[in-house]
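Colleague: Sharing a structure below in structure tokens format, with a few things to ask.
The values are calculated or read from the model by the stated rules, or taken from the named source; none is laboratory data. Note that the structure is predicted; figures quoted are calculated from it, not measured. Glycine also receives a Cβ, built like all others from the backbone with ideal geometry; neighbour counts cover every protein chain displayed.
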Amino acid sequence: MRFNVILRYVGVVMLYVAAFMLVSAVISLLDGMDSSFYPLILSSLLTALLGIFPMLFVPKTEQINNKEGFCIVVGAWVLACFVGTFPYMMWGGEFSMLNAWFESVSGFTTTGATILNDVEALPKGLMFWRSATAWMGGIGVVMFALAILPSLGKTKMTLSNVELSSLAKDNYRYRTQQVVQILLVVYVGLTAITTLLLKLAGMGWFDSVNHAMSACATCGFGTKNASIAYYDNPMIELVLIFAMAFSGVHFGLIYSTVVGKSKNIFRSEVTRFYFATLIVGSILVAASLFVTGVYPDLWSSLRHGTFQFVSLITTTGLTTADCNVWPSFAVMLLIFASIVCACAGSTAGGIKIDRVLLFGKMFMARLRRQQHPNAVIRLKVDGVIQESEHLNAVAIFIVTYIALIFLGAIINALFGLDLVTSITAPIACIGNVGPGFGDVGTMDNYSALPAVVRLQSTVLMLLGRLEIFGFIQLFFMKWWR
Amino acid sequence: MKGIRKRVTIGFLSIVTLLFISGMISLFELGHLSTDAESILNNSRRNMELGKDMLLALQDHDRAVSRIAVLGERDSRYDSLCLNSISRLETSLLAAYDTSKSNAYLDSLTTSVSELRVMTGGLLASKPDSLNIVPGAVWYDTTYDAEISKIRDQVNGYMTFTYNRLAPRAEQLSHNAYRAVTPVLISLLVMIAIVLMLFYFITIYCVNPILGINKSLSDYLTFKLPFTVKTECRDELQDLKENIETLINTSKQNKA
């Protein structure tokens, strides 16, 4: 394994992170050089130095192996989160070292959980940087760099193969170069449209851009302490519901639909299942809210129920209401949404609805096999037969995911958290959702949690973002020959 | 400038830049902290002095009024002491307003001092022998003492209030001290990373090839083994390797 090559490509990603810091510094400058200007400009300089240094020494390499590619991707994620803490720590305020790490990891992994009690106290430059971390993390920091980089030949293919999960690659019938470009085009397009629609719905430009970046990255960072509840505007909520819902769809399918290809979101079995889950879940939550009298009329129940269900299933975490006071049935549905989450190949985290669909089919196949032991049962998704190795991987992923939630819950309980917080905090972190229930509810934050729990939450966020095995692999490098 | 020289220069320039940045930030932040601390100390000292002046003026006023009202000693010394102490009180109040623009304690103190001035005017305007307006010891014990006690409490309140206001600022200062060293620490951390990278890159791109060339050349000279060295960069070491290869080939051709 060539460590110098790894450093070079991680350095390239650092340069993109530095560029976003610089853009945030410009925002700060436009805001009358607010208190975040110096922290941002200095962080940008330091990050750029870190990134450019290996590039001066290490020559460009066309060929990198899978092991190196893996180290580049994981290294870039961890280092991006690390340098992402610089502006926060330099600015001060509520950001201690651990809090800055939490906020940075939460942004890059698009979790959207925060330790800030007063988001509105942040200067505009830092607020934009917070949203920018989420936006970069949305399609993946490495993928983001790859989409803009000129052709790197086999290097690009290796890196994109490591960054994109096997499920995410399913719907692409293009070359690597095109795949990363499609990702970027869809992502930028969605963000631009959402910004425009939010502005038309009544938000200011700055808030529109931030919320669009946050919603399309399915992150949930807002610019107001009360999140979307601050605006109390059904049009804004409607725009965000659509933005979040479409950000949870496979980007390749969105592209195919827009360019008129036959394989589109209407024909994909996974997308149909996803939209059906969205509709049924939203109606059930709304019905629960209406029947128990949380909201006086059906319209309010439907408005808040739909927004919250879509927000949690897409792992966004924006909020319009305090879900802690909602009835148990609605809360259980929202917890279910936080575990299942949206489609692979989108910006969402969690188990992914693709795996849930496959798991359901495996369950049915198991029942049929018990009735007909000699039957040859093939599982298909969108007409494609699924290999047994792939099915095993899905089952192992789901089991490991649930096991990690329980492990996180046990650690939380050890540090004195109540039952609901202990269980829902790991669900919200590993699924990159953000808000949970109890002390980490939609109107609360993670600042009151013990330091160990906050640190553990960041590990869960990274595990979730790198699809568990991507991160765990880092500790078993010696086995990789 | 190219090759090894360029890389080493850039490496050291980066370190120097970071050292410079760290130094500048330290100076800037420490300067900031020093100004903040100085301003807190100055404000604290000034407020204490103003409070002390006000209390001394009140004491002088009290002494003069007790002479006039209780003992009936009408003397120009006491009259002027009365007026002077009021003026000193008002001057201190104006100075206090300069330090803290809006302060409820100062506003009520100003009202009370105005009342005291009216009361003093009444006392001084009364005839020395009739004490119609100023009913002697009784007036002093009830009306005047109540007024002066009220003003004394207000001055004490003002002093406590300014002290309480300075305490959070001092606490903020300790937070700022932590924040002030953070950019320096981060710059140093990045500098350490760059030094480590520089060491690593110089080892693999300069030291290792030189050692390789040396070993290969020794092997060629001692055992006549072929001169083969692998270099990754196109720099002076690559040129050196190629020059040695040319030299060996020329030497071989000459021998032939």
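Colleague: Exactly one of (1) more than 14 Å from chain A (Cβ to nearest Cβ); (2) surrounded by fewer than 14 Cβ atoms within 10 Å (Cβ to Cβ); (3) within 30 Å of A:MET97 (Cα to Cα) is unmet by B:THR142. Its number?
Modeller: Single failed check for B:THR142: (3).
Colleague: Here's something else I'd like to know. Counting only residues that are within 22 Å of B:LEU196 (Cα to Cα) and within 14 Å of chain B (Cβ to nearest Cβ), which one in the range A:10-26 is surrounded by the fewest Cβ atoms within 10 Å (Cβ to Cβ)?
Modeller: Among those that are within 22 Å of B:LEU196 (Cα to Cα) and within 14 Å of chain B (Cβ to nearest Cβ), it is A:ALA18.
Colleague: Then there is this: Restricting attention to the range B:1-11, does a residue exist that is outside any helix (DSSP H, G or I) and within 13 Å of chain A (Cβ to nearest Cβ)?
Modeller: Looking through the range B:1-11, at least one residue is outside any helix (DSSP H, G or I) and within 13 Å of chain A (Cβ to nearest Cβ).
Colleague: Moving to a separate point now. For the range B:70-86, check the following and say yes or no: at least one residue is assigned to a helix (DSSP H, G or I), at negative phi, surrounded by 13 or more Cβ atoms within 10 Å (Cβ to Cβ) and touching a residue at least 60 places away in the same chain (Cβ under 8 Å).
Modeller: yes
Colleague: Report yes if some residue within the range A:39-50 is within 19 Å of B:GLY11 (Cβ to Cβ), touching a residue at least 40 places away in the same chain (Cβ under 8 Å) and aliphatic (A, V, I, L, M); otherwise report no.
Modeller: The answer is yes, given that some residue of the range A:39-50 is within 19 Å of B:GLY11 (Cβ to Cβ), touching a residue at least 40 places away in the same chain (Cβ under 8 Å) and aliphatic (A, V, I, L, M).
Colleague: From the list B:ALA137, B:ALA177, which one is under 19 Å from the mean Cα position of the chain (by Cα), in a helix (DSSP H, G or I) and at negative phi?
Modeller: B:ALA177
Colleague: Look at the range B:205-223 and say how many of its residues are touching a residue at least 24 places away in the same chain (Cβ under 8 Å) and either within 14 Å of chain A (Cβ to nearest Cβ) or outside any helix (DSSP H, G or I) (or both).
Modeller: 3
Colleague: Does the range A:86-105 hold any residues that are of a type in the set (S, T, N, Q) and either outside any helix (DSSP H, G or I) or at pLDDT 95 or above (or both), and which are they?
Modeller: Listed by number, the residues that qualify are A:SER96, A:SER104.
This table checks each residue for (1) at pLDDT below 90; (2) surrounded by fewer than 15 Cβ atoms within 10 Å (Cβ to Cβ); (3) out of contact with any helix residue (DSSP H, G or I) (no Cβ under 9 Å at 6 or more places or on another chain); (4) under 22 Å from A:TYR274 (Cα atoms).
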position: A:PHE359; (1), (2), (3), (4): no, no, no, yes
position: A:MET364; (1), (2), (3), (4): no, yes, yes, yes
position: A:LEU379; (1), (2), (3), (4): yes, no, no, yes
position: A:SER388; (1), (2), (3), (4): yes, yes, yes, no
position: A:LEU391; (1), (2), (3), (4): yes, no, no, yes
position: A:ILE402; (1), (2), (3), (4): no, yes, no, yes
position: A:ILE411; (1), (2), (3), (4): no, no, no, no
position: A:SER422; (1), (2), (3), (4): no, no, no, no
position: A:ILE427; (1), (2), (3), (4): no, no, no, yes
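Colleague: Follow-up. Failed condition for B:PRO226, given (1) more than 18 Å from A:GLY92 (Cα to Cα); (2) in contact (Cβ under 8 Å) with a residue 40 or more places away in the chain, with all others met?
Modeller: (2)
Colleague: Can you confirm whether the range A:99-110 contains a residue that is over 21 Å from the mean Cα position of the chain (by Cα) and not polar (S, T, N, Q)?
Modeller: No, the conditions are met nowhere in the range A:99-110.
Colleague: Scan the range B:148-182 for residues that are modelled with pLDDT of 85 or more and within 14 Å of chain A (Cβ to nearest Cβ) and jot them down.
Modeller: B:THR182
Colleague: Just to be sure, is A:SER43 within 14 Å of chain B (Cβ to nearest Cβ), in a helix (DSSP H, G or I) and of a type outside the set (A, V, I, L, M, F, W, C)?
Modeller: yes
Colleague: Yes or no: B:LEU189 surrounded by fewer than 17 Cβ atoms within 10 Å (Cβ to Cβ) and aliphatic (A, V, I, L, M)?
Modeller: Criteria met by B:LEU189.
Colleague: Identify, from the list B:ASP62, B:ASP53, the residue that is touching a residue at least 24 places away in the same chain (Cβ under 8 Å), more than 29 Å from the chain's Cα centre (by Cα), more than 14 Å from chain A (Cβ to nearest Cβ) and part of a helix (DSSP H, G or I).
Modeller: B:ASP62
Colleague: If you don't mind, there's one more thing I want to ask. Looking at the structure I just gave you, is B:VAL190 in contact with a helix residue (DSSP H, G or I) (Cβ under 6 Å, 6 or more places away or on another chain) and either within 14 Å of another protein chain (Cβ to nearest Cβ) or of a type in the set (S, T, N, Q) (or both)?
Modeller: Against the criterion (in contact with a helix residue (DSSP H, G or I) (Cβ under 6 Å, 6 or more places away or on another chain) and either within 14 Å of another protein chain (Cβ to nearest Cβ) or of a type in the set (S, T, N, Q) (or both)), B:VAL190 qualifies.
Colleague: Moving to a separate point now. All but one of (1) at pLDDT below 85; (2) surrounded by fewer than 14 Cβ atoms within 10 Å (Cβ to Cβ); (3) of a type outside the set (S, T, N, Q) hold for B:PHE227, so report the exception by its number.
Modeller: All conditions pass for B:PHE227, except number (2).
Colleague: Which residues, taken from the range B:224-256, are of a type outside the set (Ser, Thr, Tyr) and not in a helix (DSSP H, G or I)?
Modeller: Within the range B:224-256, B:LYS224, B:LEU225, B:PRO226, B:PHE227, B:VAL229, B:LYS230, B:GLU232, B:CYS233, B:ARG234, B:ASP235, B:ALA256 qualify.
Colleague: Same structure again: Go through B:LEU18, B:LEU33 for me and flag whichever is in a helix (DSSP H, G or I), more than 10 Å from every other protein chain (Cβ to nearest Cβ) and either under 22 Å from B:LEU240 (Cβ atoms) or among the aliphatic types (A, V, I, L, M) (or both).
Modeller: Exactly one of B:LEU18, B:LEU33 is in a helix (DSSP H, G or I), more than 10 Å from every other protein chain (Cβ to nearest Cβ) and either under 22 Å from B:LEU240 (Cβ atoms) or among the aliphatic types (A, V, I, L, M) (or both), namely B:LEU33.
Colleague: For the range A:27-38, give me each residue that is within 14 Å of another protein chain (Cβ to nearest Cβ) and under 26 Å from the mean Cα position of the chain (by Cα).
Modeller: If the condition is that a residue be within 14 Å of another protein chain (Cβ to nearest Cβ) and under 26 Å from the mean Cα position of the chain (by Cα), then A:SER36 is the only one that fits.
Colleague: Mind listing just one residue for me: the one in the range A:50-91 that is among the β-branched types (Val, Ile, Thr) and closer than 18 Å to B:ARG234 by Cα and, of those, nearest to the other protein chains (Cβ to nearest Cβ)?
Modeller: Filtering first and then ranking leaves A:VAL58.
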